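To keep things clear, I will list the structure first and then write my remarks on it.
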Amino acid sequence: MVLERMSAPDCESGVVFDGFPRNLEQARALDEALAKQAKAIDMVVYIKVSEEELLRRLSGRWICRNCQTPYHAVDSPPKVWSKCDECGGELYQRPDDTNETIKKRLQVYFAQTAPLIDYYTRAGKLMEVDGEGGIDGVGRRIIVALRGECVAR
Ligand SMILES: [Zn+2]
């Protein structure tokens, strides 16, 4: 499915995968499939965030039941607690975003996804970006890192 989408005209100059591959098996399969088309992954951006910060971010997420607008209890709270700024709808936490489930998701991450860091480091494709702090700062660091990488090639 991914490869089919990549052959569309709007992908001619390249594509960015977000949250994929998620484990070694997927990464190897992707490399093999790309190689058959004489393509390859150019670089992998690893946005590094401490476990403590991940827990803080994930456990603070609230979503409007009506229009799905996301909020964060600390970083971007609604003007009136538990009411959506956009539509007045009720805010709720997805079962996925409760502390117990988040800890389980992080365990899955460390078991399955973290080995990709080693995999892409060995391939010389990993670029680490500091993911602590606000969205603007992290976004800027990603752009700076990508620009540097493009100049170096
Ligand atoms: Zn809403």
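The values are calculated or read from the model by the stated rules, or taken from the named source; none is laboratory data. Keep in mind that what you see is a predicted model, and the values were worked out from it rather than measured. We place every Cβ from the backbone using ideal geometry, glycine too, and count neighbours over all the protein chains shown. Surface areas here come from the heavy atoms of the whole protein model, side chains and all, with no ligands, DNA or RNA. Shrake-Rupley method; radii C 1.70, N 1.55, O 1.52, S 1.80 Å.
Dipole size of the chain about its Cα centre, with +1 on Lys/Arg Cβ and -1 on Asp/Glu Cβ: approximately 100 debye, rounded to the nearest 20.
Size descriptor for the stretch 67-153, Kirkwood hydrodynamic radius: 16.5 Å (Cα pairs only, one decimal). The amide H of Gly89, built 1.01 Å from its N in the peptide plane, has Cys84 as neighbours under 5 Å, considering only residues 5 or more places off or on other chains. Here the convex hull built on the C-alpha positions of the chain has a volume of 156 cubic angstrom per residue. Protein heavy-atom accessible surface, 1.4 Å probe, per residue over the chain: 70 Å². Quick one: pull the percent of accessible area on the stretch 12-153 belonging to carbon and sulfur, 1.4 Å probe, ligands and nucleic acids left out. For the stretch 12-153, the apolar C and S fraction of the accessible surface comes to 53 percent. Comparing Lys36, Lys83, Lys104 in a Gaussian network model of the chain (Cα springs below 10 Å), the most mobile by mean-square fluctuation is Lys36.
For Glu128, the residues whose amide H sits under 5 Å from its own are Tyr46, ignoring neighbours fewer than 5 places away on the same chain, with H placed 1.01 Å from N. Each Lys and Arg adds +1 at its Cβ and each Asp and Glu adds -1 at its Cβ; summed about the Cα centre, the stretch 43-130 shows a dipole of about 180 debye. The stretch 82-106 and the stretch 1-32 have their alpha-carbon centroids 30 Å apart.
For the stretch 83-88, the Karplus equation 6.51 cos²θ - 1.76 cosθ + 1.60, evaluated at θ = phi - 60°, returns couplings of 10, 6, 5, 6, 9, x Hz by residue, with Gly and Pro reported as x.
Karplus-derived 3J(HN,Hα) values for the stretch 101-111, using 6.51 cos²θ - 1.76 cosθ + 1.60 with θ = phi - 60°, are 5, 4, 4, 5, 4, 5, 4, 4, 4, 5, 6 Hz; glycine and proline are entered as x.
Which residue, Glu100, Glu86, Glu12, tops the fluctuation ranking in a GNM of the chain built on C-alpha contacts under 10 Å? Between Glu100, Glu86, Glu12, it is Glu12 that shows the largest mean-square fluctuation. Of the chymotrypsin sites (Phe, Trp or Tyr not before Pro) found in the stretch 32-130, the ones in coil according to DSSP and having at most 10 other Cβ atoms within 10 Å of their Cβ are Trp81. Mean separation of Cα pairs under 8 Å and 6 or more residues apart, divided by the residue count, gives the chain a relative contact order of 26 percent.
So if we plug the beta-carbon distance of Glu32 and Glu128 into 1/(1 + (r/R0)^6) with R0 = 25 Å, what FRET efficiency do we get, rounded to 0.05? Provide the component values of the computation, followed by the final result.
Values: r = 25 Å, r/R0 = 1.01.
Efficiency computed from Cβ-Cβ geometry: 0.50.
The string of couplings for the stretch 113-124 from the Karplus curve (6.51, -1.76, 1.60, θ = phi - 60°) is 8, 4, x, 5, 4, 5, 4, 7, 5, 4, 7, x Hz, one whole number per residue in order, with x for Gly and Pro.
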